[in-house]
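Peer 1: Can you keep this structure in mind? I'll have questions shortly.
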Amino acid sequence: MILLDRVTKNYKKRKTPALDRVSIHVEPKEFVIVVGQSGAGKSTLLKLLTREEKPTSGKIIVGGIDYERLKDRDVPALRRRIGVVFQDFKLLPNKTVFENVAFAREISGASNREIRYTVPKVLNIVGLKGKASSYPRELSGGEAQRVAIARAIVRQPKILIADEPTGNLDPKHAWDVIAVLEKINKYGTTVLLTTHNQEIVNRLKRRVITIKDGRVISDKANGSYEL
């Protein structure tokens, strides 16, 4: 599903590589946690996967797509196959929960009939069945993040990247969000989670990839937070 083979990324203003010969293989339907201190290379890794950045060297293949052969005009289609959730929810404040999630389908050309069918199902998956008419200002932080997750998965991506999705949440709402990610993973979506939350990493008992100074220093099944 995701393959990085000796990937290096250099930036002109940095003396050392942001990523240095990183090799990672993620199987379909895996749930993988990526940890590392600020500046370790996590954000660069995610930008490479979503094709916001190109590697200096090495090979990236995601869902059978070789990024070396990927034309710029095909990048939007690639991104439709990868859902992304950020620490800040990026919801549209003047749209309801339903409209925020529906917007992701509208811009990909879905019909109104398809949107009316799909959006309620996705809101049910993330536990927001009764919040369709609410506005972002009326939601808790955990609910807002679950709307962001619903928006990311409404196009049924094969991969969901969750970049510090619990960073702004209290423990209860953080675990609500993690429970939704686990549920989505059970449905067959590959989940890549980055987090600084040591308790979440240790309790989930999932595969943990640790990045330090641009290199993978540890990759363990049923791993723990080692930094």
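Peer 1: Hey, any hits in region 128-151 for a residue that's aromatic (Phe, Trp, Tyr), surrounded by fewer than 16 Cβ atoms within 10 Å (Cβ to Cβ) and either over 30 Å from ILE24 (Cα atoms) or out of contact with any Pro (no Cβ under 9 Å at 6 or more places or on another chain) (or both)?
Peer 2: No, region 128-151 contains no residue that is aromatic (Phe, Trp, Tyr), surrounded by fewer than 16 Cβ atoms within 10 Å (Cβ to Cβ) and either over 30 Å from ILE24 (Cα atoms) or out of contact with any Pro (no Cβ under 9 Å at 6 or more places or on another chain) (or both).
Peer 1: For region 188-213, name all the residues that are assigned to a loop (DSSP other than H, G, I, E, B) and touching a helix residue (DSSP H, G or I) at 6+ places or on another chain (Cβ under 8 Å).
Peer 2: Answer for region 188-213, where residues must be assigned to a loop (DSSP other than H, G, I, E, B) and touching a helix residue (DSSP H, G or I) at 6+ places or on another chain (Cβ under 8 Å): THR189, THR195, ASN197.
Peer 1: Checking GLU68 against (1) assigned by TED's automatic domain parsing to the domain that holds LYS129; (2) without any contact (Cβ under 8 Å) to a residue 24 or more places away in the chain, which test does it fail?
Peer 2: With (1) assigned by TED's automatic domain parsing to the domain that holds LYS129; (2) without any contact (Cβ under 8 Å) to a residue 24 or more places away in the chain applied to GLU68, the lone miss is (1).
Peer 1: Working only within region 95-114, note down all residues that are of a type outside the set (D, E, K, R) and at pLDDT below 95.
Peer 2: Correct list: PHE103, ALA104, ILE107, SER108, GLY109, ALA110, SER111, ASN112.
Peer 1: Considering only region 19-41, state which residues are in contact with a helix residue (DSSP H, G or I) (Cβ under 9 Å, 6 or more places away or on another chain) and either surrounded by fewer than 21 Cβ atoms within 10 Å (Cβ to Cβ) or farther than 24 Å from GLY63 by Cα (or both).
Peer 2: ILE24, LYS29, GLU30, PHE31, GLY36 - these are the residues of region 19-41 that are in contact with a helix residue (DSSP H, G or I) (Cβ under 9 Å, 6 or more places away or on another chain) and either surrounded by fewer than 21 Cβ atoms within 10 Å (Cβ to Cβ) or farther than 24 Å from GLY63 by Cα (or both).
Peer 1: If I ask for residues that are within 20 Å of PRO171 (Cα to Cα) and not in a helix (DSSP H, G or I), which ones from region 128-148 would you list?
Peer 2: Hits for region 128-148 are LEU128, LEU139, SER140.
Peer 1: Give region 134-175 a look and list any residue that's without any contact (Cβ under 8 Å) to a residue 60 or more places away in the chain, closer than 22 Å to GLU52 by Cα and touching a His at 6+ places or on another chain (Cβ under 8 Å), or say none.
Peer 2: Answer for region 134-175, where residues must be without any contact (Cβ under 8 Å) to a residue 60 or more places away in the chain, closer than 22 Å to GLU52 by Cα and touching a His at 6+ places or on another chain (Cβ under 8 Å): there is none.
Peer 1: For region 189-209, which positions are of a type in the set (Val, Ile, Thr) and closer than 24 Å to ASP170 by Cα?
Peer 2: Hits for region 189-209 are VAL191, THR194, THR195, ILE200, VAL201, VAL208.
The values are calculated or read from the model by the stated rules, or taken from the named source; none is laboratory data. As the structure is a computational prediction, the values presented were derived from the model and not from experiment. Heads up, the Cβs are rebuilt from the backbone with ideal geometry, glycines too, and the neighbour counts pull from every protein chain shown.
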